[in-house]
Amino acid sequence: MITSLKISNYALIEHLDISFDEGMTCITGETGAGKSILMGGLALVLGKRADLSVLKDSEKKCVIEASFLIDQYNLESFFEELGLDYEPETLLRREIIPSGKSRAFINDTPVTLDVVSRLSGVLIDIHSQLENQSLFKNEYQFLVLDALAGNQEILKEYRNKLSEYHVSQKEFIRLKALNEESAKIQDYNQFLYDELADESLTPDMLTPLEEHIDQLSNVETLQQHLSQSIQLLEEEQMGMLTQFSTLKNLLNDAANKSNNFSVFHERIESLSIELKDVLEDLISKQESLESNPALLEKLTAQWDKIQGLFQKHQVDKVEDLIQVRETLGLKLEETEDLGHRIIELKEQLGLLEQTLEDLTQQLHHNREETSPQLCEQMQQIISKMGMENAMFKVNLIPTEHFYVNGKEQIDFLFSANLGSDFRPINKVASGGEMSRIMVSIKSILSQFKQLPSIVFDEIDTGVSGTVSSEIGNIMSNMSKNMQVFTITHLPQVAAKGKQHFKVYKEVRGNTTITKLKELNQDERINELAQMLSGEELTRTALDHARQLLN
């Protein structure tokens with residue numbers, strides 16, 4: 001419930017600070033006194049957009065605050081989701097500053113107007129004849145019928161499954177498209193993969209390959225160099241081994257004469273042995289080195305193939321080619337897995353569809369059983385408001401698709417007079433009839449669902465005295481389960497309120513201001529009497545006012 005409302009520097013309101021009780025609160029006042037201004041200020045704090053024209057004094061800021069008790073609405077998760085401090089008594093504040101900027105707060109935390117609107121939609125319902133349009137909407141009609149049918153838990157399960165179904169369906173469509181696309185390029189990917197796999201790529205393969213090619217390409221030159229090298233080493237008179245042998249003998253003779261030369265003899269001995277090993281290796285290499293055009297052609301082809309792969313895949317290292325090969329391998333594996341995944345998802349969708357079918361059947365069954373009860377209650381209530389012959393019917397229309405409320409659409413049908421055909425409410429009901437229908441629906445709904453505080457904004461306009469008394473009774477009964485506000489011109493309605501405020505204008509010098517005053521018992525009698533008879537308070541009007549209050 002809303003517990004207080006503070007407004008400063010808004011339109012004709014200079015300052016307003018009022019508190020509200022539980023039950024039914026009535027607000028009255030002459031036409032033009034400022035009831036619409038009061039509603040405009042309330043709408044601002046609930047998230048409506050504003051401009052500088054709302055400022056009474058253009059040099060001061062406008063501040064509107066509304067305090068709500070929210071502990072019955074299970075809003076903790078909403079506050080947690082938005083990072084807001086949860087308080088059982090929550091304060092909404094709106095500020096419009098002279099520069100034109102607007103700010104909104106929930107419990108002193110700055111928020112967007114969208115967040116305010118989301119929260120306020122749960123806390124308060126401002127209802128006027130314009131808001132009767134909501135009755136035409138499928139969502140609202142389902143809300144009413146399902147509240148009476150006790151479908152809340154089934155609907156919750158259905159919507160969870162429907163969400164899961166939509167996610168799976170989206171993934172199924174994605175995988176099918178991917179599979180179709182993959183089928184087009186799978187052969188090409190397989191060719192690319194095989195082409196890379198055939199090369200038996202290893203990170204360090206290019207260097208030895210290049211060396212082998214160079215050797216085979218220069219066999220004759222290498223053989224000539226090897227032959228000359230061997231000749232230099234083993235020639236009988238001037239070969240290096242012959243020269244080393246002579247040097248070794250000289251140093252050996254020197255070492256025999258002086259130990260100081262023994263180290264040179266040992267070093268030359270070591271070099272002589274190394275030269276003999278080199279000679280043996282050169283001879284062996286010469287014997288093994290032979291021309292092999294076929295092998296050269298094969299290795300050159302391999303080299304050229306790798307260079308071509310570099311160019312094709314726009315890389316310059318074997319390591320990168322290996323990475324390309326692995327990536328292609330993964331794509332091929334994914335393509336193979338797609339078929340299995342698509343089959344699994346199709347089976348999953350089938351199971352979900354069956355579950356949804358079962359749940360929609362339960363919803364439909366409960367709605368069919370409850371529809372006559374809803375129509376009967378609406379007819380009983382609305383007959384008290386001067387529509388004795390009005391009849392209602394609920395039409396449930398099967399659909400091919402799963403929607404948020406099931407596998408059917410809904411239409412509230414209405415017949416205002418005996419013998420008239422049932423037609424959709426929006427096609428046949430007048431504005432006054434629509435208001436009374438909406439009051440009856442909200443009255444029924446309040447017995448089954450925790451509704452926000454509701455404001456009936458002059459919905460009883462054009463209603464007769466007898467009917468207005470019944471409208472007042474219905475609102476009063478609603479206020480046993482929820483907080484009800486009614487802005488009314490009818491004394492029969494105003495007399496039903498537990499709390500009564502009067503909106504009036506006051507002139508101060510050259511300025512007109514709108515004020516709101518809570519009336520005591522005597523003031524209520526005078527206000528009701530004026531509503532009954534006009535400015536002149538007659539004894540008859542006063543007696544009638546007292547009778548209404550009693």
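Bear in mind that the values in this text are calculations on the coordinates, not laboratory data. Just so we're clear, the structure is a prediction, and the values are computed from it rather than from any experiment. Backbone-built Cβ (ideal geometry, glycine too); neighbour counts: all protein chains shown.
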inquiry  = Once the convex hull of the alpha carbons of region 247-328 is built, what does its volume come to per residue, in cubic angstrom?
reply    = 172
Computed magnitude of the charge dipole of region 181-334 (debye, nearest 20; Cβ of K, R +1, Cβ of D, E -1) = 480
key: Degrees separating the helix 206-217 axis from the principal Cα axis of the chain, which is the longest one   = 30
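How much length is gained on full extension from LEU332 to THR246, taking 0.36 nm per residue of separation minus their Cα-Cα distance?
On the way: separation 86, 0.36 × 86 = 30.96 nm, distance 7.26 nm.
Taking 0.36 nm per residue and subtracting the Cα distance, the gain is 23.7 nm.
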ask   = With the Cα gyration tensor of the chain giving a ≥ b ≥ c as the square roots of its eigenvalues, does the rule (a/c under 1.5 for rounded; else a/b larger than b/c for prolate; else oblate) give rounded, prolate or oblate?
value = prolate
inquiry  = To the nearest 20 Debye, how big is the dipole of region 1-141 about its Cα centre, given +1 on the beta carbon of each Lys and Arg and -1 on that of each Asp and Glu?
reply    = 680
query = Based only on Cα atoms, what Rg/Rh ratio does region 181-334 have, Rh being taken as Kirkwood's radius?
reply = 1.33
ask   = Got a sec? Charge dipole of region 181-334, +1 on Cβ for Lys and Arg, -1 for Asp and Glu; which of LEU201, PHE310, LEU279 is way out at the positive end?
value = LEU279
query = If the chain between LEU209 and TYR504 were fully stretched, how many nm would it gain, using 0.36 nm times the residue separation less the Cα-Cα distance?
reply = 96.0 nm
note = Here FRET efficiency (C-beta to C-beta, GLU376 to ASN417, R₀ 25 Å, nearest 0.05) is 0.85
ask   = What does the highest-first list of 473-486, 141-154 look like by mean Cβ count within 10 Å?
value = 473-486, 141-154
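So for region 77-204, Kirkwood radius off the Cα pairs, Stokes-Einstein at 25 °C and 0.890 mPa s: how many µm² s⁻¹?
So the translational diffusion coefficient is about 114 µm²/s.
Based on the mean of other Cβ atoms within 10 Å per residue, sort peptides 507-515, 487-495 so the most packed one is first.
Details: 507-515: 11.9, 487-495: 25.3.
Per-residue Cβ counts within 10 Å, averaged per peptide and sorted highest first, yield 487-495, 507-515.
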ask   = Give or take rounding to whole Å, what are the principal axis extents of the alpha carbon atoms in region 393-512, in descending order?
value = 68, 34, 32
request  = Calculate, for ASP51 and ASP114, the FRET efficiency according to 1/(1 + (r/R0)^6) with r their C-beta to C-beta distance and R0 25 Å; round to the nearest 0.05.
outcome  = 0.85
query = With axes computed from alpha carbons, what is the tilt in degrees of helix 219-234 against the longest principal axis of the chain, rounded to the nearest 10 within 0 to 90?
reply = 50
key: Estimated inter-spin distance, GLN152 and ALA177, nm [label 7 Å along Cα→Cβ]   = 4.0
inquiry  = Please compute the modelled spin-label separation between GLU199 and ASP320, points set 7 Å along Cα→Cβ, answer in nm with one decimal.
reply    = 1.1
inquiry  = Filter LYS35/LYS505; LYS35/LYS60; LYS48/LYS517; LYS176/LYS407 down to the pairs with a C-alpha to C-alpha distance above 18 Å, please.
reply    = LYS35/LYS60; LYS48/LYS517; LYS176/LYS407
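Ranked from highest to lowest mean number of other Cβ atoms within 10 Å per residue, what is the order of the peptides 90-96, 412-418?
Output ranking for 90-96, 412-418: 90-96, 412-418.
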remark   = In nm, the gap between the two label points placed 7 Å beyond Cα toward Cβ at LEU351 and ARG159 is 2.5
ask   = Put +1 on the Cβ of each Lys and Arg and -1 on the Cβ of each Asp and Glu in the chain; which of LEU345, ILE7, LEU175 then has its Cα farthest toward the positive end of the dipole?
value = ILE7
key: Mean projected area (nm²) of the alpha-carbon convex hull when region 438-506 is viewed from all directions   = 4.9
ask   = What does the charge dipole of region 404-505 about its Cα centre add up to, to the nearest 20 debye, if the Cβ of each Lys and Arg holds +1 and the Cβ of each Asp and Glu holds -1?
value = 360
query = Along each of its three principal axes, how wide is the spread of alpha-carbon positions in region 416-468, in whole angstrom units, largest first?
reply = 36, 26, 18
task = With a Förster radius of 56 Å, plug the Cβ-Cβ distance of GLN450 and LYS305 into 1/(1 + (r/R0)^6) and report the FRET value to the nearest 0.05.
result = 0.15
task = Send over the Kirkwood Rh of region 452-550, from the inverse of the averaged 1/r over different Cα pairs, rounded to one decimal Å.
result = 14.4
message = If you fit an axis through the alpha-carbon atoms of helix 262-288 and take the longest principal axis of the Cα set of the chain, what angle between them do you get, 0 to 90°, nearest 10?
response = 70
